[in-house]
Amino acid sequence: AQKVTQAQTEISVVEKEDVTLDCVYETRDTTYYLFWYKQPPSGELVFLIRRNSFDEQNEISGRYSWNFQKSTSSFNFTITASQVVDSAVYFCASDTGRRALTFGSGTRLQVQP
Amino acid sequence: DGGITQSPKYLFRKEGQNVTLSCEQNLNHDAMYWYRQDPGQGLRLIYYSQIVNDFQKGDIAEGYSVSREKKESFPLTVTSAQKNPTAFYLCASSNRPGIGETQYFGPGTRLLVL
């Protein structure tokens with residue numbers, strides 16, 4: 001069965017610090033996709049990134065970067081020079097095509113000014 | 001602007017009452033989904049629909065019902081059989097059903113029991 005684990009329940013940092021959110025996934029499928037979503041206090045989930053299992057290249061988008069390592073079944077998310085606006089709950093999710101997304105329990109990030 | 005709308009933003013349910021949450025999308029997406037989010041937890045799938053007039057149960061379908069009569073609409077009814085309905089409900093859609101399709105989410109409806 002699919003499972004996504006986000007072991008960090010809550011992280012608190014001071015503005016301009018770098019922070020890494022961990023995501024570990026379990027699947028026996030060879031083809032799968034991984035996602036990160038951001039949930040600000042308003043509640044709506046905002047799509048951040050999608051990665052397929054055949055592409056292990058790291059990706060950078062502005063202050064955001066993602067590190068995908070199949071050897072450790074991890075898809076970690078790093079925010080560089082964090083800002084107060086980054087405060088939110090971040091969800092990692094997997095998709096093996098069976099039905100819909102399997103979500104982790106989320107990591108609440110608080111960025112203090 | 002294209003997007004997903006959910007209404008109402010807050011909904012109150014009395015004991016024994018059925019209530020319906022609305023979800024509309026104008027993205028011309030084929031697939032639509034309903035998730036439930038409880039405090040401090042991830043999202044759990046209630047129902048999903050890959051095409052008009054078809055829908056499938058998710059992991060926690062008991063006490064819920066849906067319909068998909070139109071491509072743009074996927075309402076969720078919380079029936080009196082759902083004994084613990086207090087939660088945040090999120091609707092999503094994706095361009096096509098199938099693996100790897102990005103799901104886009106609406107703003108959510110918060111359901112509270114009186």
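Bear in mind that the values in this text are calculations on the coordinates, not laboratory data. All values reported here derive from a predicted model rather than from experimental measurement. Glycine gets a Cβ as well: all are built from the backbone with ideal geometry, and neighbour counts include every protein chain shown.
According to the Kirkwood expression over distinct Cα-Cα pairs, how big is the hydrodynamic radius of chain B, in Å? All intermediate terms of the calculation are to be shown ahead of the outcome.
Values: mean 1/r = 0.0715 Å⁻¹.
Hydrodynamic radius (Kirkwood, Cα pairs) of chain B is 14.0 Å.
When only Cα pairs under 8 Å and 6 or more residues apart are kept, what is the percent relative contact order across chain A?
Working: 276 pairs, mean separation 43.5, N = 113.
This gives 38 percent for chain A.
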Sorted by chain and then number, the residues having a modelled amide H within less than 5 Å of the amide H of B:ALA87, at least 5 places away or on another chain, are B:LEU111
Row for chain A, column shape: gyration tensor on C-alpha, a ≥ b ≥ c, rounded if a/c < 1.5 i.e. under 1.5, prolate if a/b over b/c, else oblate; value prolate
Per-residue average of other protein chain Cβ atoms inside 10 Å, peptide B:40-53 -> 3
Env charge @ B:VAL113, Cβ radius under 12 Å, K,R +1 / D,E -1, value +3
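Which pairs, out of A:LYS70/B:LYS70; A:LYS38/B:LYS9; B:LYS9/B:LYS70; A:LYS3/B:LYS14; A:LYS3/B:LYS70, put more than 30 Å between their alpha-carbon atoms? Mind showing how you got there, number by number?
On the way: A:LYS70/B:LYS70 40 Å; A:LYS38/B:LYS9 19 Å; B:LYS9/B:LYS70 22 Å; A:LYS3/B:LYS14 35 Å; A:LYS3/B:LYS70 33 Å.
Exceeds cut-off: A:LYS70/B:LYS70; A:LYS3/B:LYS14; A:LYS3/B:LYS70.
Quick one, can you get me the convex hull of the C-alpha atoms of the protein assembly as shown expressed as volume per residue in Å³?
On the way: hull volume 28.6 nm³, N = 227.
About 126 Å³ per residue, rounded to a whole number.
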If amide H atoms are modeled at 1.01 Å from N in the peptide plane, then the residues at a separation of 5 or more from A:GLU17, or on another chain, having amide H under 5 Å from its own are A:SER82
By the Cα gyration tensor axes a ≥ b ≥ c (a/c under 1.5 gives rounded; else a/b larger than b/c gives prolate, otherwise oblate), the shape of the stretch A:1-43 is prolate
Note on the stretch A:44-84: alpha-carbon gyration tensor, axes a ≥ b ≥ c; rule is a/c under 1.5 for rounded, else prolate if a/b larger than b/c, else oblate; result prolate
The simple spin-label model distance between B:LEU27 and A:ASN67, using points 7 Å out along Cα→Cβ, in nm, is 3.1 nm
